[in-house]
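Trainee: Once you've had a glance at the structure underneath, I'll fire off some questions.
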Amino acid sequence: MKFKELRQKLNEAAKIPSGEKKVKEFTVGKSKTPAMITKKGSKFVVYIDGDKLDVFKSEGDAVKAANDFAKLMGK
């Protein structure tokens, strides 16, 4: 894999779905897995390592769920 292809794949993985705005980007767990919280309307969406986890009513609930998920998965 060439560097240009790798960079393109990483950019595609980090894209935010349309209609959502990035609220917070942070790491979770011992392995420092990347996590991101976006907002769509009045709902907060959690993504861990580029995969959608769930939708929450508040940013605090979203952060707590991301940390709990990382602990549960041993990341």
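Trainee: For the chain, what is the accessible area per residue in Å², given a 1.4 Å probe and the full set of protein chains? Don't skip to the end; give the middle numbers.
Mentor: Working: 5620 Å² over 75 residues.
Here the per-residue accessible area is 75 Å².
Trainee: Next up: Which entries in the list LYS4/LYS24; LYS32/LYS64; LYS2/LYS52; LYS15/LYS39 go over 21 Å, if you measure between the two C-alpha atoms of each?
Mentor: Listed pairs above 21 Å: LYS4/LYS24; LYS2/LYS52.
Trainee: Binning at 5 angstrom from zero up to the longest distance, how are the C-alpha pair distances of the chain distributed in percent?
Mentor: 3, 16, 27, 21, 16, 10, 5, 2, 0
Trainee: Can you give the charge dipole size of the chain about its Cα centre, rounded to the nearest 20 debye, using +1 on the beta carbon of Lys and Arg and -1 on the beta carbon of Asp and Glu?
Mentor: Details: 18 positive and 10 negative charges, 44 e Å.
It works out to roughly 220 debye.
Trainee: Which of GLY50, ALA35, PHE3 sits closest to the plus end of the dipole of the chain, meaning its Cα is farthest towards the positive end, when Lys and Arg get +1 and Asp and Glu get -1 on the C-beta?
Mentor: After comparing all options, I get PHE3.
Trainee: Of all accessible surface on the chain at a 1.4 Å probe, what whole percent is carbon and sulfur?
Mentor: Values: 2990 of 5620 Å².
About 53 percent, which is the carbon plus sulfur part of the accessible surface.
Trainee: Something else: Per residue of the range 59-67, what does 6.51 cos²θ - 1.76 cosθ + 1.60 with θ = phi - 60° give for ³J(HN,Hα)? Whole Hz please, x for Gly and Pro, Karplus curve as stated.
Mentor: For the range 59-67, the Karplus curve yields 5, x, 4, 5, 5, 4, 5, 4, 5 Hz.
The values are calculated or read from the model by the stated rules, or taken from the named source; none is laboratory data. A quick note: this is a predicted structure, and the numbers were derived from the prediction, not measured. Virtual Cβ from ideal backbone geometry, glycine too; neighbours counted across all protein chains shown. Surface areas here come from the heavy atoms of the whole protein model, side chains and all, with no ligands, DNA or RNA. Shrake-Rupley method; radii C 1.70, N 1.55, O 1.52, S 1.80 Å.
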